[in-house]
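A quick write-up on the structure given underneath.
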Amino acid sequence: MEITRELWGTSPSGKEIFLYTIRNSKGAFVQLCSVGAGVVAIVVPDRDGNLRDVALGYPKAEDYFGDGPCSGKIPGRFANRIGGGRFTLDGVEYQLPLNAGTASLHGGPEGFQNQVWESRAEGDAVEFLYYSADGEMGYPGALKTVARYEWSEENELRLTITAACNAPTVVNLTNHTYFNLKGEGNGDILDHELTLNCSEYLPTSTAQVPLGESESVAGTPMDFINPKPIGRDIKADFEALKIGKGYDHCWLIDGYEPGQIQSAAVLYSPESGISLEILTTQPAVQVYTGNWLSGCPKGKSGRAYGDYEGVAIECQHLPDSPNKPEYPSTVLRPGETFEEAIIFAFSTK
């Protein structure tokens with residue numbers, strides 16, 4: 001495995017931003033940057049052996065700061081939404097910034113995704129580290145987070161995220177890469193076939209905060225138990241789809257057991273023959289079909305992406321978990337370690 005590092009730019013505060021490339025012996029590679037510990041590119045062969053970049057991204061480092069789509073990055077300290085931007089922990093209420101209507105999204109406007117992480121090549125992997133101070137974006141306790149990316153000869157990208165704190169806090173971390181298996185810049189993903197190992201999803205309020213209990217996907221447009229083109233039902237007369245202008249919902253992974261890797265989703269492009277299986281230790285997966293990508297920075301293809309040109313499949317804990325004690329806990333205490341894994345396994349057929 002070959003790993004190279006280059007200086008890619010500087011942050012508004014003057015911090016150096018590095019771009020890493022991990023390339024396997026077959027020529028397939030991934031690129032990662034220290035803004036938000038983000039994925040910039042994933043270049044894999046299609047069914048004819050031609051390499052395609054299947055991850056949306058930007059050509060300049062500075063474009064990764066404050067972008068609405070959160071492209072490729074690790075949002076935090078709490079990915080997804082917390083209703084009202086508040087939660088109570090050990091009897092103390094904490095107020096977070098509201099940056100998504102009446103909710104706090106992805107840890108707030110200055111979340112992990114908009115920070116420059118420390119970085120290094122470590123063996124055949126690239127590691128990113130971010131230290132979040134006590135009180136940052138309203139969250140209690142200091143948190144040290146490490147994201148480790150590994151790229152295999154079999155075109156599998158493995159992400160392991162660990163975190164430790166010095167005081168009780170809440171943590172939910174994921175990766176927010178947008179995929180287009182036809183190649184970024186090559187149109188929308190509505191023809192991609194999606195399969196989810198999920199028989200229940202979380203209905204939400206109009207603010208896209210879960211109402212509480214999950215519901216069965218059976219007989220609804222939310223059913224991806226069997227492979228289905230993403231665009232087949234995306235315009236259906238269904239309240240959940242009207243709220244988000246498409247899919248932007250959390251599904252519960254069937255058979256979830258803490259610490260156990262299992263398949264969450266399979267995405268397939270009939271046009272390129274590229275298939276992506278996503279496996280994880282996390283209990284849920286948020287699928288967002290890029291419903292509001294228009295207006296984002298210009299992409300690597302030389303133009304701005306339009307709506308539905310990428311799909312984010314974000315393995316994570318359930319949104320608003322700090323306010324839903326019936327959900328798997330997202331509380332982290334001193335002496336404990338948050339540790340979750342996500343594997344993006346590419347193949348062709």
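The values are calculated or read from the model by the stated rules, or taken from the named source; none is laboratory data. Since we're looking at a predicted model, the values are computed, not measured. Surface accessibility is based on the protein's heavy atoms, side chains included, excluding ligands, DNA and RNA. Shrake-Rupley method; radii C 1.70, N 1.55, O 1.52, S 1.80 Å.
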GNM flexibility winner over the chain from 284, 28, 133 (Cα, springs under 10 Å) = 133
151, 292, 8, reordered so the largest accessible area comes first (probe 1.4 Å) | 292, 8, 151
On the full set of protein chains, 1.4 Å probe, figure out the accessible area of residue 206 and give it in Å² to the nearest 10.
-> 120
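Quick check on the stretch 259-300: take the gyration tensor over C-alpha atoms, sort the square-rooted eigenvalues as a ≥ b ≥ c, and tell me if it's rounded (a/c under 1.5), prolate or oblate.
Oblate, since a/c reaches 1.5 and b/c is not below a/b.
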Listed by chain and number, the residues whose amide H is under 5 Å from that of residue 8, excluding neighbours fewer than 5 places away on the same chain and using placed H, are 17, 18, 19
Accessible surface of the chain [probe 1.4 Å, protein heavy atoms]: carbon and sulfur percent = 48
In this model, which of 235/298; 73/324; 144/242; 26/73 are farther than 30 Å apart at the alpha-carbon?
-> 144/242
The chain, helix-only ellipticity at 222 nm - DSSP H runs n ≥ 4, -39,500 (n - 2.57), divided by all residues, nearest 500 | -500 deg cm²/dmol
In Å, descending, principal axis extents of the Cα set of the stretch 258-344 = 47, 29, 23
How many Å² of accessible area per residue for the chain, probe 1.4 Å?
-> 37
